[in-house]
Amino acid sequence: MDLVSMGFLKVLLVAVYALDPYFSHAETAPNYSFVHESTTAPPVSYHDYIVVGGGTAGCPLAATLSETANVLVLERGGSPYRNPGKTDKGNFLLTLLDPSPDSYAQIFITEDGVYNHLARVLGGGTVINAGFYSHAETEFVKESGLDEALVNDAYQWVENKVVFKAPLLQWQTAVRDGLLEAGVLPYNGFTNEHINGTKIGSTIFDMNDHRHSAADLLEYADPKNIIVYLHATVTKILFTTQTVGSRPRAIGVIYEDAMGEKHTAYLTNDSKSEIIVSAGAIGSSKLLMLSGIGPRSQLEPLGIKVVIDQPMVGQGMADNTLNGVFIPSPNPVELSLLSTVGISLLVNYIEAGSGLNLAPSFGWISKFLLSILD
């Protein structure tokens, strides 16, 4: 993927964390007629676009493409609308740390012992994250070669559906005052722009503390031109070459349903047809490597046929560093997630939440946290 494409996906990723400041658009779960379990999928199908990963980037991208083309979305997780209350603000940590097989978040540990999570649900990371919404840095947009006017239009497109002005109650007010006292200046008031200092931002939690996610953006889709399969795990991208020595071209994907049955989805013969891999930084790299695009030195020892020797696929990955402080309270504390943030000149975020549910009855949470702290 080139830098411009990566930049566009990053802008989408940043943009899809939002909600309209004045009213809620989706108090009830949408009843999408085009979302189905992958067990109902035909053995073979043909589409103008195949989107692998119905997450933060995949959902809005698929909705836009469906205006003029036939689109297939393959999501390895389930629907966030099956149990909408599960992702409410008060259940943030419970959902994020849920180790059950049908959890929206898949917990994993890196080879060097770092705990992390992968989203496993339609809507992707916007279903499990802390829900803070912010625009990308202006410099990033310029350096990525993106059209600033189109980027701003995209922000508005997202904000009209899933962004709200974050509430500033007692706890977040105290956080704001503390940041200013500590010298995280200037105070920028309410803004969605990424600028240094202390600011009040937006959130994807509405006034009733219900989460909205990228999956809500599928309401923009043309139901006649799109189909979404859940629990559809793509295992391989299929390639072909037109002539000997020509560059391989992606022509389809193989995916498995919840019962382990294999299905094949092919692209149509339209010259603009594409397979769009939007399965996250880790999932996208993994799929490319399983399909034969990656470092030859790593693929061949695993018996994977090399389609394109691309040494940088899957390399140089790093997550944001995080230092967290947990302060237990013997008394109930006001519920809040991120409203106030401090952004330093070193591009560090300082943020705080309160009153989140860590009930002692959920013993697995205590064990999980202890394993991290150990």
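Is it true that PHE23 is open to solvent by 10 Å² or more (accessible area, probe 1.4 Å), of a type outside the set (Gly, Ala, Ser) and modelled with pLDDT of 95 or more? No, not satisfied. Among the residues of the range 55-88, which ones are at pLDDT below 95, surrounded by fewer than 22 Cβ atoms within 10 Å (Cβ to Cβ) and either of a type in the set (Lys, Arg) or in a helix (DSSP H, G or I) (or both)? Selection gives ARG82, PRO84, GLY85, LYS86. Taken as a whole, the structure leaves SER134 outside the set of residues that are of a type outside the set (Lys, Arg), farther than 20 Å from GLY280 by Cα and either surrounded by 14 or more Cβ atoms within 10 Å (Cβ to Cβ) or modelled with pLDDT under 95 (or both). Got at least one residue in the range 252-265 being open to solvent by less than 40 Å² (accessible area, probe 1.4 Å), closer than 23 Å to PRO60 by Cα and aromatic (Phe, Trp, Tyr)? The answer is yes; a qualifying residue exists. Taken over the range 37-52, the criterion of being more than 14 Å from GLU256 (Cα to Cα) and either within 24 Å of the chain's Cα centre (by Cα) or of a type in the set (D, E, K, R) (or both) is satisfied by HIS47, ASP48, TYR49, ILE50, VAL51.
When restricted to residues that are open to solvent by 30 Å² or more (accessible area, probe 1.4 Å), modelled with pLDDT of 95 or more and in contact with a strand residue (DSSP E or B) (Cβ under 9 Å, 6 or more places away or on another chain), the range 277-296 contains 4. With respect to the conditions (1) closer than 25 Å to LYS89 by Cβ; (2) in contact with a Gly (Cβ under 6 Å, 6 or more places away or on another chain); (3) surrounded by fewer than 21 Cβ atoms within 10 Å (Cβ to Cβ), PHE190 lacks only one, and its number is (2). For the range 330-343, the criterion of being over 30 Å from THR240 (Cα atoms), modelled with pLDDT under 80 and surrounded by fewer than 17 Cβ atoms within 10 Å (Cβ to Cβ) is satisfied by no residue at all. Looking at the structure I just gave you, is THR39 open to solvent by 40 Å² or more (accessible area, probe 1.4 Å), more than 30 Å from GLY145 (Cα to Cα), at pLDDT 95 or above and of a type outside the set (A, V, I, L, M, F, W, C)? For THR39, the condition - open to solvent by 40 Å² or more (accessible area, probe 1.4 Å), more than 30 Å from GLY145 (Cα to Cα), at pLDDT 95 or above and of a type outside the set (A, V, I, L, M, F, W, C) - is met.
When the range 280-299 is filtered for residues that are within 18 Å of the chain's Cα centre (by Cα) and either aromatic (Phe, Trp, Tyr) or under 14 Å from MET317 (Cβ atoms) (or both), the ones remaining, listed by number, are GLY280, ALA281, ILE282, GLY283, SER284, SER285, LYS286.
From the set of residues in the range 225-249 that are in a strand (DSSP E or B) and of a type in the set (D, E, K, R), which is surrounded by the fewest Cβ atoms within 10 Å (Cβ to Cβ)? Among those residues, the one meeting the criterion is ARG249. Taking the range 105-205 as the region of interest, none of the helices (runs of 4 or more DSSP H) fully inside it holds 2 or more residues being under 16 Å from the mean Cα position of the chain (by Cα), of a type outside the set (Ser, Thr, Tyr) and farther than 24 Å from THR87 by Cα. Going by the conditions given, is LYS10 basic (Lys, Arg), open to solvent by 30 Å² or more (accessible area, probe 1.4 Å) and at pLDDT below 90? So LYS10 passes the test. Does GLU159 meet the test of being among the acidic types (Asp, Glu) and open to solvent by less than 70 Å² (accessible area, probe 1.4 Å)? Here the answer is yes, as GLU159 does meet what is asked.
Evaluated against (1) in contact with a Pro (Cβ under 6 Å, 6 or more places away or on another chain); (2) open to solvent by 30 Å² or more (accessible area, probe 1.4 Å), ASN208 falls short on exactly one condition, (1).
Of the residues contained in the range 217-236, one or more are found to be more than 30 Å from GLU159 (Cα to Cα) and free of Cβ contacts under 8 Å to residues at least 60 places away in the same chain.
Checked against the criteria, ASP222 does not count as acidic (Asp, Glu) and surrounded by 18 or more Cβ atoms within 10 Å (Cβ to Cβ).
The values are calculated or read from the model by the stated rules, or taken from the named source; none is laboratory data. Nothing here was measured: the structure is a model prediction, and the numbers come from that model. As a convention, Cβ positions derive from the backbone with ideal geometry for all residues, glycine included, and neighbour counts pool all protein chains shown. Side chains are part of the model used for accessible areas, which takes the heavy atoms of the whole protein and leaves out ligands, DNA and RNA. Shrake-Rupley method; radii C 1.70, N 1.55, O 1.52, S 1.80 Å.
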